[in-house]
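This report refers to the structure that appears directly beneath it.
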Amino acid sequence: MSWLNELELQTDLVTLRPLRASDKPALLEAASDGRLWELWYTQVPNAETLDDYVNYAFSEQAAGRALPFAVVEKTSGQVIGTTRYCNADVANRRLEVGYTWYASRVQRSAINTQCKLALLQHAFEQLGAIAVEFRTHWHNQASRAAIARLGAKQDGVLRNHRLEPDGARRDTVVFSILDSEWPSVRKSLQFKLDRRAAG
C-alpha cells in the first residue's frame, strides 16, 4: 500500500481534494489570474504546458512519490490553485510540500497558511513523517520568505540543481521542518491564523 493515499483536507476557507484531469480548465483559469506562468522562476503551467504538468503529477502519484491536490475555494466552489506532497521517501519517512501556487486574487489571504497547516498536520500526525521539505528557486525571494515564515529552517542551497528548458542553471534553496519542531510550528501557524481572524 502506498504511503500517500488519496484524501481530502479541510480548512475554514478551502478544501484540498485529489487533483483530477477534469480540473485542467479550472487550473488554467486560476493560473491566468495574474498570468502566473510569466514569473520565470516558478513552475506554473500555461496552455501549452498544462497537459505535461498534470500528467507528470499523475505519473509521480502512480509511482507512490506524490499526491497532488486541487485547492477549492469554499465560498465560490472554484479551483484557485494546486499543491502536492512530492518526492516522498517512504523508507526514511520524508516528503516535500511543493508545486504550490494560487490565483493572484487569493495570494495575500489566509489560504496558504491554512493549506500548509493542514498538509503539515497530516504529514506529521497521520503519516508519521520525520521531516517535511520545501524547495524553491534561489531567485524566488517571495517564496523563500513565505517558507521561512512558516517556521521552516534553511538546510542549504543545491547549486546547479537543475537545467531549465532554456539551458539556464537553477540553484534550489532547501528548507525543512522536523517532527521535533512540529509542535512549535503548529502553535505558531495557528496563532497567526487566529490573529488574522481577529482582525
**Report entry** Exclusive hit being in contact with a Pro (Cβ under 8 Å, 6 or more places away or on another chain), at pLDDT 95 or above and closer than 25 Å to GLN126 by Cβ, set LEU13, LEU9, LEU19
**Finding:** LEU19
Requested in this report: List every residue pair whose Cβ atoms lie under 6 Å apart, where the two residues are 6 or more positions apart in sequence or sit on different chains, the first residue falls within segment 57-85 and is part of a loop (DSSP other than H, G, I, E, B), and the second residue, located anywhere, is at pLDDT 95 or above and among the charged types (D, E, K, R).
Outcome: ALA66/GLU60; ALA66/ARG84
Report task. Return yes or no: is VAL185 on the phi < 0 side of the Ramachandran plot, crowded, with 19+ Cβ neighbours inside 10 Å and not in a strand (DSSP E or B)? Result -> yes
**Report entry** Residues that are touching an Asp or Glu at 6+ places or on another chain (Cβ under 8 Å), buried (at least 21 other Cβ atoms within 10 Å of the Cβ) and not β-branched (Val, Ile, Thr), drawn from segment 94-134
**Finding:** LEU95, GLU96, ALA103, GLN114, PHE124, ALA129, PHE134
Report task. Hey, could you check segment 158-173 for residues that are farther than 20 Å from THR100 by Cβ and among the aliphatic types (A, V, I, L, M) and say which is nearest to the chain's Cα centre (by Cα)? Result -> LEU163
Report summary line: The condition from (1) assigned to a helix (DSSP H, G or I); (2) more than 18 Å from THR113 (Cα to Cα) that HIS139 misses is numbered (1)
Query raised in the report: Yes or no: LEU120 modelled with pLDDT of 95 or more, in a helix (DSSP H, G or I) and in contact with a Lys or Arg (Cβ under 8 Å, 6 or more places away or on another chain)?
Result: yes
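For every residue, the table says whether it meets (1) surrounded by 12 or more Cβ atoms within 10 Å (Cβ to Cβ); (2) closer than 17 Å to CYS86 by Cβ; (3) out of contact with any Asp or Glu (no Cβ under 8 Å at 6 or more places or on another chain).
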residue: GLU6; (1), (2), (3): yes, yes, yes
residue: GLN10; (1), (2), (3): yes, no, yes
residue: LYS24; (1), (2), (3): yes, no, no
residue: GLU29; (1), (2), (3): yes, no, yes
residue: ALA47; (1), (2), (3): no, no, yes
residue: TYR53; (1), (2), (3): yes, yes, yes
residue: GLN61; (1), (2), (3): yes, yes, yes
residue: GLY64; (1), (2), (3): yes, yes, yes
Requested in this report: Go through (1) closer than 30 Å to ASN160 by Cα; (2) part of a helix (DSSP H, G or I) one by one and return the number of the condition GLU29 breaks.
Outcome: (1)
**Report entry** ARG149 being closer than 16 Å to TRP182 by Cα, modelled with pLDDT under 95 and part of a helix (DSSP H, G or I)
**Finding:** yes
Query raised in the report: Looking at this structure, is LYS192 under 28 Å from ILE111 (Cβ atoms), modelled with pLDDT under 95 and either out of contact with any Pro (no Cβ under 9 Å at 6 or more places or on another chain) or surrounded by 14 or more Cβ atoms within 10 Å (Cβ to Cβ) (or both)?
Result: yes
**Report entry** Residue check for VAL106: aliphatic (A, V, I, L, M) and at pLDDT 95 or above
**Finding:** no
Requested in this report: List every residue pair whose Cβ atoms sit under 7 Å apart, with the two residues 6 or more apart in sequence or on different chains, where the first one lies in segment 172-199 and is closer than 30 Å to ARG159 by Cβ and free of Cβ contacts under 8 Å to residues at least 60 places away in the same chain and the second, anywhere, is among the charged types (D, E, K, R) and assigned to a helix (DSSP H, G or I).
Outcome: VAL173/ARG144
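The values are calculated or read from the model by the stated rules, or taken from the named source; none is laboratory data. Everything numeric in this text was worked out from a predicted model, so none of it was measured. Cβ sites come from the backbone with ideal geometry, for glycine too, and all protein chains shown count toward neighbours.
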